[in-house]
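Okay, so here's the structure we're looking at.
Quick note: the coordinates plus some simple rules give every number you see, no bench work behind them. Source: prediction; values computed, not measured. When we count neighbours, we look across all protein chains shown, and the Cβ atoms used for this are built from the backbone with ideal geometry, even at glycine.
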Amino acid sequence: MLHLNVYLAPSRSPGLSRIMKFTTDPVDAPELPKKFTFNPKEGIDNPALVISDDKEPDVHPRLCVLKREEGQGFGFYLSKDTGCRGHVVRQVEPWSSAERGGLKKGDRVLEVNEDFVDDKEHSTVVLKVQASGLKLYLLVLSAQDYEFAVSEGTDLTSLSRAYHPVEGCSRPRLCYITKEPGSGLGLRIIPIEGVRGRYRLSPMSDGPAERAGVQNGDRLIWINGVMISALTFAALSKMVKKCEDHVTVLVIDSRSEESYNHMRLPIIPAFAKTHNLPYRPKTLHLTQGPQGYGFLLRQEKLRSGRIAHVLRDIDPGSPAETVGMEDGELVLAVNGEQVEDAEHEGIVSKIRQSGQQVTLTTISIPGRDYYTQLGISPLLFYEVHIPKREQFSKPPPQHHEGHQIPPHPRLCVLHKEGSGFGFNLGCVQNKPGTYIGQVMTGSAGERAGLCEWDVVVEVNGQNVEEEYFDEVVRLIKEGGTPLRLLVMEGEGYQKLRSTMQTSGLKTSQTSSSGLNLHSNTVPDTSQDDFL
């Protein structure tokens with residue numbers, strides 16, 4: 001997972017100043033060069049005339065290899081400044097895989113796993129990093145080199161290509177082959193004599209394998225998620241025979257294999273081009289209608305054992321049905337941010353906080369099972385385009401009877417990243433109660449749905465409406481992660497509080513974590529979205 005700059009409470013750290021000392025002591029003035037008189041008979045070969053060009057600084061990309069443990073992040077902060085080119089490494093965590101891999105603050109990312117990304121949308125770059133697995137290969141330029149290259153009009157694509165030392169090197173190919181009656185896979189696997197665990201391929205002319213992208217002489221690297229370098233020919237043949245009606249192989253031509261070995265790069269799916277893969281994620285751009293989006297999001301356990309966020313109960317004629325949402329699809333990303341491993345409440349909150357437009361990336365259950373078998377993320381080869389949000393006037397939501405929905409609290413679930421949760425806490429001096437003063441862009445707080453001026457009602461289930469600032473901060477710090485904040489929009493909170501003072505109820509007693517995304521109903525308390 002990517003880390004982003006996060007803070008818990010406002011703080012001011014003294015800035016670092018670099019002081020340069022200048023001296024005004026008199027020094028001997030340098031001897032001025034003698035006046036040069038041009039002699040046309042001698043021309044430009046006149047030995048008194050010396051022309052020298054300023055030497056341009058060399059611009060050298062660096063390859064950073066990052067390795068992380070399961071469940072851990074790579075340990076760096078990636079951002080995109082509005083109006084500026086490039087994807088910038090803002091901070092590198094001490095002792096992290098990013099630091100060990102040579103990544104530095106200020107670096108600009110040119111390539112992610114050999115894909116040029118300088119001109120890609122930031123959300124696409126983030127997804128590529130998140131989907132890369134336990135290893136990540138970044139080609140970067142230092143801030144100084146990047147700024148110089150851009151100012152000189154250097155083609156950064158060519159600069160990236162020039163980094164790879166061998167011309168004519170092709171990327172690996174991930175090929176999906178379907179068996180056909182009579183010809184099977186249309187493929188012969190031939191051991192390379194004298195080398196254990198290495199095999200070349202010979203596809204049948206115009207057979208299933210050749211149509212899937214396999215070329216004669218290709219080296220077989222990987223089959224159905226298994227590296228074949230340690231397999232005997234007998235074990236490999238047995239594996240192929242056990243395949244039902246299809247097989248997915250990772251292949252590369254012999255010259256490119258030598259190039260990768262020369263560069264000491266592994267041949268892995270993250271570097272591959274895809275051919276004929278049967279399942280692809282799809283993007284759904286939804287605009288909220290009068291009855292909401294028109295679908296239900298549930299957390300379910302699949303037959304494979306995976307816990308997934310499943311789209312259900314799609315209303316006929318709703319925005320969800322109109323854009324092609326299908327019952328049983330799984331949510332992979334919300335607004336370009338990977339959410340498969342996120343808390344269910346956090347995903348729902350993120351969709352709600354998206355306003356009247358949201359972009360969902362989904363895949364069918366068989367599609368997810370396919371990528372699970374291969375051991376790779378379905379987002380590995382996917383690029384999502386998030387359209388710019390249209391500005392809508394936001395009339396108050398209404399019941400079917402025409403009455404306005406009363407304001408209600410929201411449950412935001414935050415997972416601590418790096419140095420904090422990504423928000424500043426504020427209060428009115430000498431008065432109980434706290435509110436969200438600032439939410440950092442791209443932080444855990446923003447992803448969980450926190451908004452500026454939200455009033456904090458509960459911290460991890462404990463009501464804090466009458467608690468003072470220091471006590472709320474203590475509860476947050478001691479509460480660990482995940483942090484569950486029940487919050488409410490400030491103006492709505494004041495209205496609801498004044499309404500309920502006569503009833504003796506606390507604001508939190510009106511809340512629920514119901515996950516129905518038909519926005520015209522008050523969330524219920526059944527919590528049937530969890531198993």
Report task. Can you tell me which of 194-203, 111-120, 450-459 comes out highest on packing, and rank the rest after it, using the mean Cβ neighbours within 10 Å? Result -> 450-459, 111-120, 194-203
Query raised in the report: Which value in nm describes the separation of the simple spin-label points at residue 468 and residue 430, placed 7 Å from the Cα toward the beta carbon?
Result: 1.1 nm
Query raised in the report: Using +1 on the beta carbon of Lys and Arg, -1 on that of Asp and Glu, and nothing else charged, what's the dipole of the stretch 62-110 about the Cα centre, debye to 20?
Result: 260 debye
Query - Cα-centre dipole for the stretch 95-197 with unit charges at Cβ (Lys and Arg positive, Asp and Glu negative), debye to 20 - result: 660 debye
Report task. Would you work out the charge dipole size for the stretch 274-333 about its Cα centre, treating the Cβ of every Lys and Arg as +1 and the Cβ of every Asp and Glu as -1, and quote it to the nearest 20 debye? Result -> 360 debye
Report task. Note down the relative contact order for the stretch 227-317 as a percent, whole number, built from C-alpha pairs under 8 angstrom at least six residues apart. Result -> 14 percent
Query raised in the report: Sorted by mean Cβ packing within 10 Å, highest first, what order do the peptides 486-497, 461-472 take?
Result: 486-497, 461-472
Query raised in the report: In whole percent, what relative contact order does the stretch 158-238 give with Cα contacts below 8 Å and a gap of six or more residues?
Result: 24 percent
Report summary line: For residue 151 and residue 241, extending 7 Å from Cα along the Cα-Cβ vector and measuring point to point gives, in nm, a value of 6.7 nm
Requested in this report: Please give the peptides 178-184, 310-316, 366-372, 133-139 ranked by average Cβ packing (other Cβ atoms within 10 Å per residue), highest first, as a rough proxy for protection.
Outcome: 133-139, 366-372, 310-316, 178-184
Requested in this report: For residue 198, put the label point 7 Å out on the Cα→Cβ axis and report which residues of the stretch 253-269 keep their amide N under 18 Å from it.
Outcome: 253-268
Report summary line: Contour minus Cα-Cα span, residue 372 to residue 312, at 0.36 nm per residue, comes to 19.4 nm
Query raised in the report: By how many nm would the segment from residue 451 to residue 304 grow when fully extended, if each residue of separation counts as 0.36 nm and the alpha-carbon distance is taken off?
Result: 49.2 nm
Report summary line: Residue span residue 65 to residue 205: 0.36 nm per residue of separation minus Cα-Cα distance leaves a gain in nm of 46.5 nm
